[in-house]
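What follows is a single structure, written as structure tokens, with notes after it.
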Amino acid sequence: MTTSSAGKVREWDDRRLQHDRTALVQAEMQRQHVGALVLSDGVLRRYVLNLDVPGAKLLVPVAGDPLVFVRPRDEGYVKAWHPQVRPPLGRIREDAPASTDAPGPAARGLVDCLAELGLKDEPVGIDTMAVPDLLDLVALGVRIVDAEQVIERAWTVKTADELAIYRRIARQYVTALSAFRDAARPGATEQDLAAVATVAWLQSGGEDIAQMNVCAGENMNPWRRWPTDHQLREGEFVGIDLHGRGPNGLRGDASTTFLVGDRPTGQQRDLHRRAYDYVQGVIPVLRAGRSIADAMASVPSVPAQFRAQLDNYNVAHGIGMGSSGYPHLDPRRAPIDDVLRPNQILAVECYLGEVGSPLAVKLEEQIIVCDGEPEVLGPIPVDDRLLT
């Protein structure tokens, strides 16, 4: 445990987290035979550095400390966290023609850094870059590969500190979704409920809301996603799909559905029970060491009338810094040739509703993959009245 600048005790260590993430990335770089990564995307850059630096670039060598290229205004606070800070490589030449006689300063500066590190002849992973600069690197003989393929495989396995953060995030989800449940009364609008969940998330320590869907009544099926001024009515369902960022920018993904009022119909009880039992049936099959193909073959079946819409969603998918991560257990595609690994965080999701019906239930739990039974994070609040 460490103490934050605000004096609060927390269950993770930020510097150890950054060290362990860098080690995971560099191990994956070695596995994929990549000499360096050049990261400009804010999420990928923040993952490795464990610091949000707008406009920066990060050069990650296959061994040794990453180099951070920052504007003068950011140099001070970045140096306080990370010692290897350098001036910007050069202005991105967005207005330059696609073909020029001489490479621009950004490409030349990057090649000089690669040569300094002894990596000039090694493949370099790029996430995002202006086309003129990318063409300059090609002209200078740099072999370019996709940096996201490296990061995606590295960050699928969480460090010990990230697991501690996700247990904190799970408590934030319970707080926010419980507040949502308590506010789901006749007359409230979908937008009202979105505001309640947002405030509860932020007050419980969340960083921000990456995405939130709130749907009620006929907006549940088909899933309308974005909250409207629809007023909740007695006897209808209301669902939420919350993507909240917690500490250090790590992102959760969970859904739940509640009844408005106190008198569910038999059809509502049956649909909710089917969705709940499906999610609870999927969770135990997601064990470390099991092939993804075998896990997907062991997923519980559902009646044919629900299959079309259920298959629009992953059985489960990784979560982390991005919106949806590796591995994706997509029922519409051939299974990924890989195994589930200890300390992956997965969202197990279910959207159950017949095409043409206004009724649907959306549930989604977050789990830690373990050698045995997965650890359920939360669990996410559900409407117990529909399970009795």
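This table checks each residue for (1) assigned to a strand (DSSP E or B); (2) surrounded by 15 or more Cβ atoms within 10 Å (Cβ to Cβ); (3) on the phi < 0 side of the Ramachandran plot.
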residue	(1), (2), (3)
HIS243	yes, yes, yes
THR256	yes, yes, yes
ASP262	no, no, yes
GLN267	no, no, yes
LEU271	no, yes, yes
TYR276	no, yes, yes
PRO284	no, no, yes
ARG287	no, yes, yes
ALA295	no, yes, yes
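The stretch 72-191 holds helices (runs of 4 or more DSSP H) entirely within its bounds, and those carrying 3 or more residues that are touching an Asp or Glu at 6+ places or on another chain (Cβ under 8 Å) and not aromatic (Phe, Trp, Tyr) map to 105-116, 147-155, 160-183. Would you check if ASP52 is of a type in the set (D, E, K, R), surrounded by fewer than 17 Cβ atoms within 10 Å (Cβ to Cβ) and under 18 Å from the mean Cα position of the chain (by Cα)? Considered against the rule, which asks whether it is of a type in the set (D, E, K, R), surrounded by fewer than 17 Cβ atoms within 10 Å (Cβ to Cβ) and under 18 Å from the mean Cα position of the chain (by Cα), ASP52 comes out as yes.
For every residue, the table says whether it meets (1) acidic (Asp, Glu); (2) assigned to a helix (DSSP H, G or I); (3) in contact with a strand residue (DSSP E or B) (Cβ under 7 Å, 6 or more places away or on another chain); (4) without any contact (Cβ under 8 Å) to a residue 24 or more places away in the chain.
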residue	(1), (2), (3), (4)
THR198	no, yes, yes, yes
TRP201	no, yes, yes, no
ARG233	no, no, no, no
ILE240	no, no, yes, no
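Scanning the stretch 174-193 for residues that are within 22 Å of PRO379 (Cβ to Cβ) and either in contact with a strand residue (DSSP E or B) (Cβ under 9 Å, 6 or more places away or on another chain) or not assigned by TED's automatic domain parsing to the domain that holds VAL376 (or both) returns ALA176, LEU177, PHE180, ARG181, ALA184, LEU193. Can you find a residue that is at pLDDT below 95, among the hydroxyl-bearing types (Ser, Thr, Tyr) and part of a loop (DSSP other than H, G, I, E, B) anywhere in the stretch 313-323? Yes: the stretch 313-323 contains one or more residues that are at pLDDT below 95, among the hydroxyl-bearing types (Ser, Thr, Tyr) and part of a loop (DSSP other than H, G, I, E, B). Against the definition (modelled with pLDDT under 95 and more than 30 Å from LEU44 (Cα to Cα)), how does ASP262 come out, yes or no? Judged against the criteria, ASP262 is a match.
Just need a number here: residues in the stretch 216-231 that are touching a strand residue (DSSP E or B) at 6+ places or on another chain (Cβ under 8 Å) and in contact (Cβ under 8 Å) with a residue 40 or more places away in the chain. Total meeting the criteria: 7.
The values are calculated or read from the model by the stated rules, or taken from the named source; none is laboratory data. Predicted model only: the values in this text are computed from it and were never measured. Reconstructed Cβ throughout: ideal geometry from the backbone, glycine too, with neighbour counts over all protein chains shown.
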